[in-house]
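The values are calculated or read from the model by the stated rules, or taken from the named source; none is laboratory data. What you are looking at is a predicted structure, and each value in this text was computed from that prediction instead of being measured. Cβ coordinates were reconstructed from backbone atoms using ideal geometry, including for glycine residues, and neighbour counts include every protein chain displayed. Ligands, DNA and RNA are excluded from the accessible area calculation, which covers all protein heavy atoms including side chains. Shrake-Rupley method; radii C 1.70, N 1.55, O 1.52, S 1.80 Å.
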Amino acid sequence: MTINRRKFIATLGLATISTQIPSFVVQATTSPNTIIKPPRLKVGDTVGLISPAGIIDSEDVEEARKTFTALGLKVKPGRHILDRYGYLAGKDRDRAADVNAMFADKSINAIIAMRGGWGGNRILPLLNYNSIRANPKIIMGYSDITSLLLAITARSGLVTFHGPVATSSWNNFTLKYVKSILFDAQAVAMNNTLVTKLSREIITPGKAKGKFIGGNLSVINSMLGSSYLPEWKGSILFIEDIGEDVYRVDRMLVQLKNAGILNQLSGFVFGQCTRCSMGDEPSLSLMQVLQEHIRPLNIPAWYGSMIGHIRDKFTLPIGIQVEIDANTGIIKMLEAAVR
């Protein structure tokens, strides 16, 4: 039998390459069909602390230890948590190694990022998604940690949590949602209208159901075109950002639209754009930009939820089914996020 030479060489090349790549990288390219919920937290459990992005110091670790000890939890810092490499908390391979080690460590029950910054995207190819899937546990953070949360949900099927980092303000409001969702396994309704003076503006009224996906807008945009984003069809997108001029938010929303993401959504929530300004030049307002890009989608949408770089934060499970009500600004979990 004659074998096509080009096809044979291509096949041989792929076979050779596959022997040089760790098995978990090859196997993890297939998205899981089912969502995995991590075990809930209990008093006496151990929290693993990691620095997958920006640098921290020993005082940050000690403050985090006090925070989690007060919750009845033990603390285990990652091996490279205090490393420094320019603006990064150590080399890529070492930051990724800490994430992989925390998931593989049977004594660890939850993983909390120390802070955001920049660096999460750099380690996504180095994470062992098969091991993560085999050892499901809570992982939480926000801002730059968005990249880890979305990649882990997309590649392993694990529900992840957009919530406070270890250096956040763990006040009563924030703790209320952490405890209800992560400890008590409750399906809660999140509504900021009665507890905050943050303004809320309806973009398009109505209710919608769908898989909850989101995080920091800038980080999501930096992941476009990669294989680390989940499926968008029928999902509800939540976003937040900080320190961006309105034209930049405009640019990023246009990028989401041109990438074919916005027209797949069933709902949209913009939490807070903290310290986002109109700049020195003539500018549209943020609401004008949101109305131009989101209102034509004809999906329930609003601006002004307790999501983002603010003291009082919701804990948002990524990957589960929720219902949103743009008229009231309520995000209602339709299922528990932990088991």
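Model label points for residue 58 and residue 292, set 7 angstrom from Cα along the Cα-to-Cβ axis, are 5.2 nm apart. From the phi of every residue in the range 199-213, what ³J(HN,Hα) in whole Hz does the Karplus formula 6.51 cos²θ - 1.76 cosθ + 1.60 yield, where θ is phi - 60° and glycine or proline is x? 3J(HN,Hα) across the range 199-213, in whole Hz: 6, 10, 10, 6, 8, 9, x, x, 10, 8, 10, x, 6, 7, 9.
Taking 27 Å as the limit for the C-alpha separation, the pairs 91/257; 179/257; 76/211; 37/76; 37/74 exceed it in the case of 91/257; 179/257; 76/211. Between 153, 34, 67, the Gaussian network model of the chain with springs among Cα atoms under 10 angstrom shows the greatest mean-square fluctuation at 34. For the range 104-186, a crude dipole built from +1 on the beta carbon of Lys and Arg and -1 on the beta carbon of Asp and Glu, taken about the Cα centre, is about 80 debye to the nearest 20.
Once both labels are positioned 7 Å from their Cα atoms along Cα-to-Cβ, the gap between residue 46 and residue 227 label points is 3.3 nm. Checking every one of the trypsin sites (Lys or Arg not before Pro) in the range 158-222 against DSSP loop status and a limit of 11 other Cβ atoms within 10 Å picks out 197. Shape summary: the range 94-208 maps onto an equivalent ellipsoid whose semi-axes, from the alpha-carbon gyration tensor, are 28, 16, 15 Å in decreasing order.
With all protein chains in place and a 1.4 Å probe, the accessible surface of the range 72-139 carries 51 percent carbon and sulfur. Rg ratio for the range 155-235: its Cα radius of gyration over 2.2 N^0.38 Å, N being its residue count, equals 1.32. Over the chain, the ratio between the Cα radius of gyration and 2.2 N^0.38 Å evaluates to 1.02. Average accessible surface for the range 276-320: 42 Å² per residue, computed with a 1.4 Å probe over protein heavy atoms with every protein chain in place. Round to the nearest 0.05 the FRET efficiency obtained for residue 87 and residue 327 when R0 = 45 Å and r is the Cβ-Cβ distance. Approximately 0.60, to the nearest 0.05. Given the options 296, 283, 306, identify the residue whose Cα lies farthest towards the positive end of the charge dipole of the range 276-323 (+1 on Cβ of Lys, Arg; -1 on Cβ of Asp, Glu). Final value for the positive-end residue is 306.
With both labels modelled 7 Å from their Cα along Cα-to-Cβ, the residue 201 to residue 105 distance reads 4.5 nm.
Sorted into 5 angstrom bins from 0, the C-alpha pair distances of the range 229-339 split as 2, 11, 21, 24, 21, 14, 5, 2, 1, 0, 0 percent. Of 166, 189, 97, which is the most mobile in a GNM of the chain whose springs link Cα atoms less than 10 angstrom apart? Highest fluctuation among the options: 189.
Scanning the chain for GluC sites (Glu not before Pro) that sit in a DSSP loop and have at most 16 other Cβ atoms within 10 Å, the longest stretch containing none of them is 1-230. Taking each DSSP H run with n ≥ 4 as -39500 (n - 2.57) and averaging over every residue of the chain yields -8500 deg cm²/dmol at 222 nm. Working note: Karplus 6.51/-1.76/1.60 with θ = phi - 60° gives the range 275-287 the couplings 6, 8, 10, 8, x, 8, 8, x, 8, 6, 7, 4, 5 Hz, where Gly and Pro are set to x. Is any residue of the range 130-174 close enough, with backbone N under 20 Å, to a label point placed 7 angstrom from the Cα of residue 185 along the Cα-Cβ axis, and if so, which? Of the residues in the range 130-174, 133-140, 157-162 have backbone N under 20 Å from the label point off residue 185.
Placing +1 on each Lys and Arg Cβ and -1 on each Asp and Glu Cβ, with no other charges, gives the chain a dipole about its Cα centre of roughly 1180 debye. Compared with the direct C-alpha span, the chain from residue 176 to residue 285 gains 35.9 nm at full extension, assuming 0.36 nm per residue.
Under the combined filter of DSSP loop state and at most 16 neighbouring Cβ atoms within 10 Å, the range 34-139 retains these trypsin sites (Lys or Arg not before Pro): 42, 79, 84, 91, 106.
Applying both filters, DSSP loop and at most 12 other Cβ atoms within 10 Å, to the chymotrypsin sites (Phe, Trp or Tyr not before Pro) of the range 279-339 eliminates every site. Anyone know which of 253, 316, 224 comes out most mobile in the 10 Å Cα GNM of the chain? Of 253, 316, 224, the Gaussian network model singles out 224 as fluctuating most. Across the chain, the relative contact order, built from alpha-carbon pairs under 8 Å that are at least six residues apart, equals 19 percent. In the context of the full set of protein chains, residues of the range 139-180 present 18 Å² of accessible surface per residue (probe radius 1.4 Å, heavy atoms only).
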